[in-house]
1. Is it true that B:Thr298 is within 14 Å of chain A (Cβ to nearest Cβ), modelled with pLDDT under 95, crowded, with 18+ Cβ neighbours inside 10 Å and not in a helix (DSSP H, G or I)?
2. Specify the residue that is most open to solvent (accessible area, probe 1.4 Å); the eligible residues are those in the stretch A:46-65 that are without any contact (Cβ under 8 Å) to a residue 24 or more places away in the chain and touching a strand residue (DSSP E or B) at 6+ places or on another chain (Cβ under 7 Å).
3. Kindly evaluate A:Thr30 against the criterion of being in a helix (DSSP H, G or I), in contact (Cβ under 8 Å) with a residue 40 or more places away in the chain, open to solvent by less than 10 Å² (accessible area, probe 1.4 Å) and of a type in the set (Ser, Thr, Tyr).
4. Take the residues in the stretch A:106-131 that are within 7 Å of another protein chain (Cβ to nearest Cβ) and more than 17 Å from B:Asp23 (Cα to Cα), then tell me which one is modelled with the lowest pLDDT.
5. When you check B:Leu46 against the structure, is it farther than 26 Å from B:Val315 by Cβ and part of a helix (DSSP H, G or I), yes or no?
6. Select the strands (runs of 3 or more DSSP E) contained entirely in the stretch A:159-250, then report the ones holding at least 1 residues which are touching a residue at least 40 places away in the same chain (Cβ under 8 Å) and open to solvent by 20 Å² or more (accessible area, probe 1.4 Å).
7. Of the conditions (1) away from every other protein chain (no Cβ under 14 Å); (2) touching a helix residue (DSSP H, G or I) at 6+ places or on another chain (Cβ under 7 Å); (3) at pLDDT below 90, B:Thr290 satisfies every one except a single condition; which number is it?
8. Go through (1) aliphatic (A, V, I, L, M); (2) under 30 Å from A:Ser104 (Cα atoms); (3) buried (at least 16 other Cβ atoms within 10 Å of the Cβ) for B:Val210 and report which single condition fails.
Amino acid sequence: MIKLDQVKKSYSDHVQIGPLQLELPKAGLTALIGPNGAGKSTTLMMIGRLLHLDEGHIQVAGLDVSSTKSKDLAKIITILRQENHFVTRLTVRQLVGFGRFPYSKGRLTPEDEAITSKYIDFLDLTQLEHRYLDELSGGQRQRAYVAMVLCQETEYVLLDEPLNNLDIARSVQMMGYLRHVADVFGRTIVTVLHDINFAAKYSDHICAMKDGQVAAFGTVKEIMVAETLSDIFETPLEIIDGPYGPIAVY
Amino acid sequence: MSSLMDPTSKTYTPELTTSHTRDRDTSAFQSKQLERRYWILLCLFLLGGLFCSFGLLVYNNPVPVQSPSFWPVVERRITAIVTMAIAALCQSLATVAFHSVTNNRIITPSLLGFDALYATIQTSMIFFFGAGALIGFTGTGAFFTQVILMLGMSLLLYGWLLSGKYANLQLMLLIGIIMGTGLNSLSTFMRRMLAPSEFDILQARLFGSVTNADAAYFPIVIPIVIVVSILLFLSANRLNVIALGKDVATSFGVNHRRSVIYVLILISLLMSMSTALIGPLTFFGFLVATLSYQVASTYDHKYVLPMAFSIGFLVLTSAYFFMYHIFNAPSVVSVIIELFGGVIFLAVLLRKRSL
């Protein structure tokens, strides 16, 4: 479980996130939605200990993220940011292999190699594993990054807009992978999504944020309500029943 | 396509069920050919460096081998070659590590103000105490005064800027550059007021040159440089992760701030040793690091660091060999290296894609 207790982060007197009080359930896929500047990425980064929190506590699996050693947390939680740019030139396999760093500190054991292969195969990167990242398309590269964080085999996986720059087919494919990781591998995935309908179709819980506060949290059915969402996004929208569940129309 | 699109259609199990075979193992190189090329080039560069040092030792020795004064000449030349090895080791390792911790491959550790501080110390010696003082400003005392001043300044910079709440590497670099520029202007101002003869003596010191070095420092410098280099080499795996950036490194469990400060301290030790020993070599480290990235074609510091050293040693020894013994123009060696480095710097900047 991920527990946020009175978490606050202030960028300036006017821009402040929190106080956040939130419990994200273990297992399954939770989507963070909300308008731009609502504090979704900030919240995710604070949970992933990439951003220092000004007040409050965050616990992941019972461990406080501010005080637990980073190398111990690296076996429990991982985070992938939206933009990834490396100065070094890496092949897909080298990148994914880095995911084993928390365990082997850079010396890959045969077991690490097998796990690396497993996630490369899982994300359909087998044919591309010896290609350099700069030779891949945006969608393939995004899959390689996701393979890297999955290869870390942490219970909790945080993703900041994994569908960014992906077309519809790639987005559906990516959400399919994430759903599979949650269902079959039993991981807990928390992801920032911009598309409400993707969140509605693929996630178990939705956390909606607005102006640095949690506006609503609940199951897909509880959040996919026209009034709630219109209010959060400040745009009139309707919810209709589609073949795969509720769909927001705007 | 449709089966590709839907991973749930495949029967995956959480256990290890892959088609993993030994030949798929992760290598630091993209292909076997690149790995072979790496080892061949590394051997070639090392042999080239050794060949040039051998040439420097015996070529054009004014006295015949049988003569008793043959060995003193060789001994003096050995001092120069050991100095080149130290300079190559310090500059190449420090620059590669600096590029990795700053995630930026177009800067050099001189930006932290080592060269500027060295120039200011030398200039103020002659400015305040006269030419005699500068000529007398040698020996272990003077050497350590400079090393401690340079180390002190850089540690102050790191400690102040990297331990606070608003720790920021970019800000630290900026302050380093501003301090360097300030020190440079100060020493330029002092140089303006020197007599031409004093200026001439000073100028010889301000160009990096292995002839500035004194073998008396070796017993202290060599152990320090070797220990620091080994420490840096042992951090190779951590450097690989740090080079991926702060966020990715943190997510992999690396204490980014502590690791960066540790590596920066090692870099300052190497840079201050090298600068105090032979003077500033602004572009040399950059030139060597950039060439070694191109030649090594791997991300792994275990391979990049030795390659950088071998290239650095080859560049220094061959430049000295050709300038001293073939073209008879000993004073222009550092000018040539800096010019060469400057041109490569521009070339790399213009094809930024390969950085």
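The values are calculated or read from the model by the stated rules, or taken from the named source; none is laboratory data. Here the structure is a predicted model, which is why all the values come from computation and not from measurement. Backbone-built Cβ (ideal geometry, glycine too); neighbour counts: all protein chains shown. In case anyone asks, the SASA skips ligands and DNA or RNA and just uses the protein heavy atoms, side chains included. Shrake-Rupley method; radii C 1.70, N 1.55, O 1.52, S 1.80 Å.
1. yes
2. A:Asp64
3. No: the conditions fail for A:Thr30.
4. A:Gly106
5. No, not satisfied.
6. Once the strands (runs of 3 or more DSSP E) in the stretch A:159-250 are filtered for at least 1 residues that are touching a residue at least 40 places away in the same chain (Cβ under 8 Å) and open to solvent by 20 Å² or more (accessible area, probe 1.4 Å), what remains is A:205-210, A:213-219, A:245-249.
7. B:Thr290 satisfies every listed condition except (1).
8. (2)
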